[in-house]
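Before any comments, here is the structure.
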Amino acid sequence: MAASTLSLALTPSPSDPSLPSSRHRSLLFLSPLNHNHHFLLSHRSRFRLSPQSSCSSASSSESPLCLAGESTSSSASAAYSRLEDWLKTGNYNFLSNEELLKLQSLQDFRYRRELRTGSLCIRVMRPDETDVTVKLLSESFVESMMLPDWYLPLISYLVKQYLMERRAAIPHAVTLLGFVKWKDGGSGGEGEDDEEGELAGTVEICFHKRGANDSPPTPTAPKDSPYICNMTVNKPLRRRGVGWNLLKASEELISQMSFVREVYLHCRMVDSAPFNMYMRAGYNVVKTDGILVLLLLQSRKHLMLKKLPLPTNNVELDMPGSDPEHVQVGA
Ligand SMILES: CC(=O)SCCNC(=O)CCNC(=O)[C@H](O)C(C)(C)COP(=O)(O)OP(=O)(O)OC[C@H]1O[C@@H](n2cnc3c(N)ncnc32)[C@H](O)[C@@H]1OP(=O)(O)O
C-alpha cells in the first residue's frame, strides 16, 4: 500500500472522544484536518437527495432522481431506485444530476478477469464493505511501515476515518475492491468467502482535483490529473495477478470517467514489488523526493506517470500471450 499516501491523508475528527492522542498522531506523521467532503456543499446546482424517497413513491420535487426526468420509464426508475438503495447507506446527500450519472456508471462498473487460480471481479466498494476494507488496508499499512501488531487498532481507527471521508468524495474519487472466486472452491487466504468470492485487494482512484486529497504526498502530482493510490493485495494472495489487474481496472475506469490521459501515482523507493509492476505497466518516474524528506522521517518516493492510450473501439488485451495469468474474459 502507498503507506505515505495514507499517512498523509488520514484525517481523524477532533471532536471524536476516541481520537488518538496527539502523541500518537505525531508518531504517524498525520496531516492536519482536511475537509474534502465540503466541496459537495459548495458546488452549484445541487439537489437534495432524500434517503427515504424514491421516484416511484415520492412526488417530492426535491428528489434528483425524479428531477432527472426518468420517472415514467420503469427500467430507468428501477435503475435509479437501485442507485438510491446504494446511496442511502452512504452520505451522498448533495449531488448534481451529472454527478448522479457518474455515480451510476461507477456502480455499474465491473472488471472481470480469469486468473490461473480463479476468477477475479473488481468493482466499487459499497458503504457496508468499509470494515473489511479497513482491515485489509490497516494490515498492509502496518506491514509497510514495519509497525508492531499492537498498532493495528489505532491504524484501523485512522484508516476508517480516512475511508469514510474519501467516500464523501465519490464520484470524484472512488475505492475499488477485487474479489477472487477460487477454481477449487477453496480459499487462497484467510479472508471470508461469500458468493462474490474472497476479498483480495483494493485500490483508490482520484479522477480529478475535486476528489483530490488536501494533503498530497510529495513529489506533488498535478491535481487535475487522475491519481492512483493505496493499492494493496492481501498478503497470502500476492503474485497471482490481482495487483496487476487492480492497476488495469483503475486505468480502464479512469478512461471512462476522465478525458485527461495522464495518470499519476507514487511509489516508495524501497518498494521494489510495486515499482516493478508500475514500470512493466508503462509508468515512468517523473520526479523523486529529495533526500531532505528523510528529515521528516518519511520514505523517499517516486512520482510516476503513464499516458493512457486514446480509447479505441477495439477491446484491448492487457498482456496478450506474454502472461497466461492475465487473460481477459470481458469487462
Ligand atoms: C500507487 C500505490 O498504491 S503504491 C503501493 C503499492 N502497494 C504496496 O506496496 C502494498 C504491499 N504490496 C502489495 O500489496 C502487492 O505486492 C502489490 C499490490 C504491490 C502487487 O500485487 P500482486 O497481486 O502481488 O501483483 P501481481 O501478482 O499482479 O504482479 C504483477 C507484477 O508486479 C511485479 N511484482 C509483484 N510482486 C513482486 C515481487 N515480490 N518482487 C518483484 N516483482 C513483483 C512483477 O512484475 C509482477 O508480474 P509477474 O508476476 O508476471 O512477474
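Semi-axis lengths, largest first, of the ellipsoid equivalent to region 129-189 are 22, 20, 9 Å, with √(5λ) applied to each eigenvalue of the Cα gyration tensor. One quarter of the convex hull surface, Cα atoms only: what value does that give for region 148-276 in nm²? If I average the Cα hull's projected area over directions, I get 9.3 nm². With Rh defined as the Kirkwood radius, the inverse of the mean 1/r over Cα pairs, the Rg/Rh of region 94-133 is 1.12.
Once Rg and the Kirkwood radius are both taken over the C-alpha atoms of region 208-283, their ratio Rg/Rh works out to 0.96. Sorting the segments 137-149, 209-221, 161-173 by their residues' average number of neighbouring beta-carbon atoms within 10 angstrom, most packed first, yields 161-173, 209-221, 137-149. Computed extension gain for Asn276 through Arg261, at 0.36 nm per residue and net of the alpha carbon distance, reaches 3.2 nm. Under a 5 Å amide H cut-off, with hydrogens placed 1.01 Å from N, Ala200 pairs with Gly178, Phe179, Val180 among residues at least 5 apart or on other chains.
Available extension along the chain between Lys307 and Asp108 is 69.1 nm, counting 0.36 nm per residue and deducting the alpha carbon span.
Amide H contacts for Leu95 (H built 1.01 Å from N in the peptide plane; partners 5 or more residues away or on another chain; cut-off under 5 Å): Phe47, Leu49.
For region 131-172, a simple Cβ point-charge model (Lys and Arg +1, Asp and Glu -1, everything else neutral) yields a dipole of about 200 debye relative to the Cα centre. In percent, rounded to a whole number, the relative contact order of region 150-266 is 24, using alpha-carbon pairs under 8 Å and six or more apart. Protection proxy ranking for 268-274, 202-208, using the average of other Cβ atoms within 10 Å per residue and placing the highest first: 202-208, 268-274.
Values quoted throughout were computed directly from the atomic coordinates according to the rules given, and no laboratory measurement underlies them. Since the structure is predicted, the reported quantities are computational estimates derived from the model, not experimental observations. Positions of Cβ are generated from backbone atoms using ideal geometry, with glycine treated the same way; all protein chains shown enter the neighbour counts.
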